[in-house]
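One structure is given below, encoded as structure tokens.
The values are calculated or read from the model by the stated rules, or taken from the named source; none is laboratory data. Quick caveat: nothing in here was measured; it's all calculated off a predicted structure. Here the Cβ positions follow ideal geometry from the backbone for every residue, glycine too, while neighbour counts run over all protein chains shown. Ligands, DNA and RNA are excluded from the accessible area calculation, which covers all protein heavy atoms including side chains. Shrake-Rupley method; radii C 1.70, N 1.55, O 1.52, S 1.80 Å.
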Amino acid sequence: MKTSLLGRFTSSPNINRLRLAFQPDGSPIVAYHDGDTYAGGPLVVQRWDGAAWINYPTIAASALVRALAIHPNDGQPWMVYQIRSGNQFFINVTRWDGALWVAVGNGIETQDRINPGETEFNMPGRRTLAFNPLTQQPVLLADDTVANDRRLRAYALNGAEWTALGAPLSINHNRESQLAFAADGTLYVAYCEGYGNTTDLDFVGIARSYANGGIADRVTIKQWNGAAWITQGVGPPGAVYLALAVDPITGTPWIAYRNRDQSSMLTVRRWTSGTLWEYVGQAAIASAEHPMALEFSASGRAALMNMGGYSGAQIWTFTPGAGAGTWTQSYEIETAIQNNNPDAAAFAPGDEELSCAVLLNQYGNPAGGSVARRVPPATIELSNSAIPTRATLRAASGAALAPDEGLWWTTYNPETQVWSIGLSGILLAQLRLSLHERADPTDTPIGSPVVTVIDATPGAETLALDAVDLPVTASGLLELRARQSVHGREGPYSVLHLHNQVSFTAFNAARDSAESSLIQLAWTFSGAASGFTTIDEEDHPSGSFDAPAAAGALYLSRWIGKTLRMVALDENGNARAMSAPVTIAAQPPTIDAPTLTSAWHDAEGNVYVGIALPDGLSDMPETPVGGGEA
């Protein structure tokens, strides 16, 4: 799998309360406000249309995001947001009807800090609006006013009014409230709350006393039985962060939280019976210093999004097995900023890999807000024959890797003459392509292009290599090198071999069967040329042919071997392309042994012999002549 980054929905580094949801067709929608976590800012909702982020009309010029949800019937987004009017705060709900934002129900008065520096209570979890899967009735979580001790309440929409669902849930102030429905319509709510001087049974059935006062951030889970709220579990204090989800297959609620009993590490539990909750996976999964997300795919696969310490956003998946099973990190986005946006995650319809919305720092690509979605490795083609004068590389947006790994794998089909290129991994930087001679040890680019395939706003990028852009090299062979370009350095490169597209798809040279000193030539050239010439290994020309010839002959002594290449010439007689080399071996004739015809000596004692040489040596190259006395 690879991580595809879907463009950039904002370049602002100040967005807060980022939310992510998917429409039934798989289109992601993001919502956030551009400003301080508590002061708020312009409320923004955007949708990815497959190529770019499209803005919905503005809902409010200054607001705080609370929740984003997709209606199960029409697939349109609903927004929950908070506004301030004087010293009062109201929670509003609005829905998109396909053309306009339409207010839903009455505003619910809530409480938030009025002046900077006040204690920050009103910190809702990301899932505070959900729809009953049987009736589609929406249920909303909201904090009450100071006069009512800021207690958490659930509200159901009845006609045009939000009406309270039972008594308040929390003892007093709370944060990280979340709700979730089981497939049978059972409603669960989880939250962190302050507490009174009580003793309760914790997740494993041990009585635990909770002292009075302060923000305890005790984990509490309750179930609505149709008439009242029933406590399903109470966890340790000091949680601060939690996430709630319901297994769509078994209907069992799960809770992820910062576990003080495990050195404030991330823990996941699921309900078993009564108020008992068992561990899911390892007790301490990862550092838990920010809000987290817990999600299920439609098939029941569990996944977490967590941002621990100074690391980036991490996606974990659960594998059932011996004991409690295991959580395994699936992927990480290293350049995600640790701000108030680390829990925007959702499964796209039909996906088994969790997607997330993140804000990337200056080392990310694209810097700013983006949605990361896991998809199978992209297979793209570099064709050597489909278009005679061009080679096209189509790079999938967001296709690159974690640093210091290869960027692609390639295969070549000689029958179709098509390269297949698989790109995989996570794009954390820009991807740079450059042309080189094959196996060039100096890493010196030649010709063009030297380009960045994925730019500041990535989309479907196409790199078209014109024939004139592919230079003629000494070897006739080229390679495309790709590497990540990260801030201050570049990673190692990966290589794709290719040929000049205006090239010789065939060059044959062989001695004539009847006259071995005659070399018969035949070639196929895919482009246009003004003429052709053959050269040897020392670049000496040995034959010239006018275009559009595709065959010819030249003389080469049968006693000598050579390596020949065919060169296509432009109108100025310059080399435009070279063929692959072909070696012609020497092919001397079979030589009979010389015959001794006579022998004598003269009066001075010198000896002479007469030798008859065999026929067929008239074309034998001259060699240094030697002799001596016998």
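Just wondering, is there one or more residues in the stretch 187-195 that are touching a helix residue (DSSP H, G or I) at 6+ places or on another chain (Cβ under 9 Å), of a type outside the set (Gly, Ala, Ser), buried (at least 20 other Cβ atoms within 10 Å of the Cβ) and at pLDDT below 85? Within the stretch 187-195 (the criterion being touching a helix residue (DSSP H, G or I) at 6+ places or on another chain (Cβ under 9 Å), of a type outside the set (Gly, Ala, Ser), buried (at least 20 other Cβ atoms within 10 Å of the Cβ) and at pLDDT below 85), the answer is no, since none of the residues qualifies. Looking across the stretch 254-271, the residues that are at pLDDT 90 or above and either small (Gly, Ala, Ser) or closer than 16 Å to residue 302 by Cβ (or both) come down to 254, 255, 256, 257, 266, 267, 268, 269, 270, 271. When 524, 533 are checked against the criterion of being assigned to a strand (DSSP E or B) and open to solvent by 50 Å² or more (accessible area, probe 1.4 Å), a single residue qualifies: 524.
Identification of strands (runs of 3 or more DSSP E) wholly contained in the stretch 48-142 with 2 or more residues that are at pLDDT 95 or above and open to solvent by less than 40 Å² (accessible area, probe 1.4 Å) yields 64-70, 77-85, 88-96, 129-131.
Summed over the stretch 537-574, the residues that are under 18 Å from residue 516 (Cα atoms) and touching a residue at least 24 places away in the same chain (Cβ under 8 Å) give a count of 14. Residues in the stretch 1-35 that are in a loop (DSSP other than H, G, I, E, B) and open to solvent by less than 30 Å² (accessible area, probe 1.4 Å): 6, 7, 9, 12, 23, 26, 27, 35.
Which of the residues spanning the stretch 36-47 are in a strand (DSSP E or B) and either touching a Lys or Arg at 6+ places or on another chain (Cβ under 9 Å) or surrounded by 16 or more Cβ atoms within 10 Å (Cβ to Cβ) (or both)? Once the filter is applied, which keeps residues that are in a strand (DSSP E or B) and either touching a Lys or Arg at 6+ places or on another chain (Cβ under 9 Å) or surrounded by 16 or more Cβ atoms within 10 Å (Cβ to Cβ) (or both), the stretch 36-47 yields 40, 41, 43, 44, 45, 46, 47. Looking at the stretch 303-323, can you tell me whether even one residue there is in contact with a helix residue (DSSP H, G or I) (Cβ under 6 Å, 6 or more places away or on another chain) and farther than 17 Å from residue 372 by Cβ? Scanning the stretch 303-323, I find no residue that is in contact with a helix residue (DSSP H, G or I) (Cβ under 6 Å, 6 or more places away or on another chain) and farther than 17 Å from residue 372 by Cβ, so the answer is no. In the stretch 584-600, the qualifying residues are those that are touching a residue at least 24 places away in the same chain (Cβ under 8 Å) and among the small types (Gly, Ala, Ser), and the one that is least open to solvent (accessible area, probe 1.4 Å) is 586. All told, residue 581 meets the bar of being touching a residue at least 12 places away in the same chain (Cβ under 8 Å), open to solvent by 30 Å² or more (accessible area, probe 1.4 Å) and within 44 Å of the chain's Cα centre (by Cα).
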